[in-house]
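Read the structure below first, then the notes.
The values are calculated or read from the model by the stated rules, or taken from the named source; none is laboratory data. Worth saying up front: this structure is predicted, and the values here are computed from it rather than measured. Here the Cβ positions follow ideal geometry from the backbone for every residue, glycine too, while neighbour counts run over all protein chains shown.
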């Protein structure tokens with residue numbers, strides 16, 4: 001049994017935030033005596049990620065994703081709990097650790113703005129002490145995979161957002177880190193650029209065996225890349241497992257879509273429905289019904305008997321709808 | 001615990017630091033004209049006082065300095081002021097405030113090198129602008145200066161120490177950004193004190209009694225005025241030795257404060273986040 005690449009045990013981060021009341025008097029009072037609120041940004045989170053996995057860390061804004069990433073990249077000390085990444089305790093921030101990880105953010109740049117990317121890459125190569133033969137080989141590979149030969153000599157400020165993100169990925173992978181943290185890598189990118197980046201990440205992961213922990217608000221990213229997701233909300237871990245199984249666990253209903261036969265096409269006619277079944281959409285002779293997961297088989301059988309059904313499908317609700325429900329309600 | 005130069009346990013990263021300096025320089029050169037305008041701004045104040053004092057001196061001497069000696073003093077001061085001015089101290093607070101410190105902290109290189117590389121890049125770009133102007137002014141205004149080999153020899157360490165003192169004094173003040181969001185007000189205060197007490201308004205020897213005593217004791221004279229006085233021959237041997245002692249003492253304190261606030265600042269940063 002191998003040791004997981006990332007282990008997190010009972011991780012909590014509590015921020016003490018001064019309470020600020022409105023008004024002048026209250027603010028003067030707070031100068032003398034401050035009252036604090038404890039904000040639990042991360043609360044008793046545990047998980048383990050094996051080498052080579054791609055895991056999506058999802059949750060609504062303010063759920064604790066960024067705090068978790070900051071702890072794992074060594075920027076924050078947790079209040080309690082343990083974490084080990086690539087054999088290191090992140091918040092000791094040893095250089096040997098920082099050479100093993102990379103953090104690519106959709107909204108922050110590693111590149112030096114006014115000079116061509118190639119120059120930034122050279123500086124990063126030096127900062128990460130990459131031997132020159134390995135530097136050249138890695139760079140060639142990445143440039144080839146990302147198809148970006150022509151970008152190398154233009155100043156970074158003249159590049160488009162998508163081109164810059166390619167540069168960020170090269171910058172983050174030049175020194176061959178074993179763990180990669182991706183924070184909203186497709187932020188603001190057009191659909192085809194998103195697609196190409198996803199393809200690149202999947203391929204790079206397959207070739208190099210890098211472990212990837214990714215946060216994204218685009219479910220398409222997560223669906224395309226992450227067989228496994230970790231869902232956190234209000235700092236707590238709500239779900240850790242296959243993305244597909246998330247719907248089963250979090251959404252206790254299925255969607256039944258029926259197309260009625262031609263002779264029953266009249267919309268006005270009352271349709272007899274079993275108890276507990278709800279129509280979510282109705283368009284001519286197309287009906288979408290929301291049925292409890294457990295009742296789905298019996299309800300479909302009833303529907304097939306009582307209605308002139310031309311076509312019938314039973315589906316899980318779309319993942320976006322499930323996630324939305326979890327975000328809004330904080331779990332089911 | 002992390003030291004400012006190595007930023008984590010283990011070795012420093014000089015190779016990475018030097019590469020950063022080169023790249024920063026390359027990117028600064030792209031904005032030559034912008035930095036020339038800044039350098040021009042910094043030159044104006046000493047130029048005004050040069051004109052004030054040379055006019056006041058006329059054909060006489062004030063405090064032992066004649067017209068030509070005032071010209072020499074202020075022309076040297078323009079260069080020394082530019083070399084020791086640490087504009088990069090102003091950007092440290094921004095790094096913390098706008099969360100760019102995070103990007104620097106996840107690299108195996110102390111963020112200190114980022115500041116140092118801008119510092120060094122800046123010096124070169126500013127000198128490209130300042131040197132020719134000072135030369136032209138020297139041709140027009142005819143300074144009088146008798147540089148002895150000893151003065152010249154003492155000037156070099158005095159200048160280097162002045163730069164280090166001004167830089168690290170500003171650096172520890174700037175590090176207060178970890179606690180207070182607008183720590184740069186303290187940098188503005190430092191600039192004012194340098195203006196008053198470091199020999200810009202007037203050579204320190206010409207300041208009235210109490211102010212002169214303050215100037216000699218406080219660190220600010222040793223950031224600008226002291227090396228200028230050394231080169232222009234205004235300091236005798238005991239004064240020179242005393243000057244170096246005080247200058248070094250303040251520098252040691254600045255280094256200690258920088259190291260302490262860096263350590264405490266990072267501890268706080270990793271507790272509350274950026």
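Out of the residues in region B:27-43 that are more than 25 Å from residue B:74 (Cα to Cα) and surrounded by 15 or more Cβ atoms within 10 Å (Cβ to Cβ), which is nearest to the other protein chains (Cβ to nearest Cβ)?
B:27
For region B:91-103, give me each residue that is out of contact with any helix residue (DSSP H, G or I) (no Cβ under 6 Å at 6 or more places or on another chain) and at negative phi.
B:91, B:94, B:97, B:98, B:100, B:102, B:103
Yes/no matrix, rows are residues, columns are (1) out of contact with any helix residue (DSSP H, G or I) (no Cβ under 7 Å at 6 or more places or on another chain); (2) at pLDDT 90 or above; (3) surrounded by 19 or more Cβ atoms within 10 Å (Cβ to Cβ):
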{"site": "A:105", "(1), (2), (3)": "yes, no, yes"}
{"site": "A:108", "(1), (2), (3)": "no, no, no"}
{"site": "A:112", "(1), (2), (3)": "no, no, yes"}
{"site": "A:117", "(1), (2), (3)": "no, yes, yes"}
{"site": "A:127", "(1), (2), (3)": "no, yes, yes"}
{"site": "A:131", "(1), (2), (3)": "yes, yes, no"}
{"site": "A:136", "(1), (2), (3)": "yes, yes, no"}
{"site": "A:140", "(1), (2), (3)": "yes, yes, no"}
{"site": "A:153", "(1), (2), (3)": "no, no, no"}
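I'd like to verify a number: residues in region A:288-311 that are in a strand (DSSP E or B) and either closer than 30 Å to residue A:62 by Cβ or over 33 Å from the mean Cα position of the chain (by Cα) (or both), how many? Reasoning before the result, please.
Step one: list which residues in region A:288-311 are in a strand (DSSP E or B), which gives A:288-292, A:309-311.
Of the ones still in play, those that are also either closer than 30 Å to residue A:62 by Cβ or over 33 Å from the mean Cα position of the chain (by Cα) (or both) are A:290, A:309-311.
Qualifying residue count, region A:288-311: 4.
Hey, does region A:41-54 have a residue that's over 23 Å from the mean Cα position of the chain (by Cα) and either within 14 Å of another protein chain (Cβ to nearest Cβ) or outside any strand (DSSP E or B) (or both)?
no
Can you tell me which residue is nearest to the other protein chains (Cβ to nearest Cβ) among those in region B:85-95 that are surrounded by fewer than 22 Cβ atoms within 10 Å (Cβ to Cβ) and assigned to a helix (DSSP H, G or I)?
Taking the candidates together, the pick is B:95.
Which condition number in (1) assigned to a loop (DSSP other than H, G, I, E, B); (2) out of contact with any helix residue (DSSP H, G or I) (no Cβ under 7 Å at 6 or more places or on another chain); (3) facing chain B (nearest Cβ under 8 Å) is the one that residue A:61 fails?
All conditions pass for residue A:61, except number (3).
Is at least one residue of region A:49-57 at positive phi and without any contact (Cβ under 8 Å) to a residue 60 or more places away in the chain?
no
Can you pull out every residue in region B:104-115 that is touching a helix residue (DSSP H, G or I) at 6+ places or on another chain (Cβ under 7 Å) and either over 27 Å from residue B:262 (Cα atoms) or in a helix (DSSP H, G or I) (or both)? Steps first, answer last, please.
As a first pass, look at region B:104-115 and keep what is touching a helix residue (DSSP H, G or I) at 6+ places or on another chain (Cβ under 7 Å): B:104, B:106-109, B:111, B:113-115.
Those that are touching a helix residue (DSSP H, G or I) at 6+ places or on another chain (Cβ under 7 Å) and either over 27 Å from residue B:262 (Cα atoms) or in a helix (DSSP H, G or I) (or both): B:104, B:113, B:114, B:115.
Being without any contact (Cβ under 8 Å) to a residue 12 or more places away in the chain and within 11 Å of another protein chain (Cβ to nearest Cβ) is the filter; apply it to region A:76-96 and report the residue that is surrounded by the fewest Cβ atoms within 10 Å (Cβ to Cβ).
Ranking the qualifying residues of region A:76-96, first place goes to A:96.
Which of the residues belonging to region B:51-81 are under 21 Å from residue B:197 (Cβ atoms) and outside any helix (DSSP H, G or I)?
B:62, B:63, B:64, B:65
What number of residues in region A:97-127 are at the interface with chain B (Cβ under 7 Å from one of its Cβ atoms) and over 22 Å from residue B:99 (Cβ atoms)?
Residues that pass the stated criteria total 5.
Tell me, which helices (runs of 4 or more DSSP H) wholly within region B:182-274 include 1 or more residues that are within 14 Å of chain A (Cβ to nearest Cβ)?
B:237-272
When residues of region A:162-194 are filtered for being out of contact with any helix residue (DSSP H, G or I) (no Cβ under 8 Å at 6 or more places or on another chain), assigned to a helix (DSSP H, G or I) and over 23 Å from residue A:130 (Cβ atoms), how many remain?
Count: 2.
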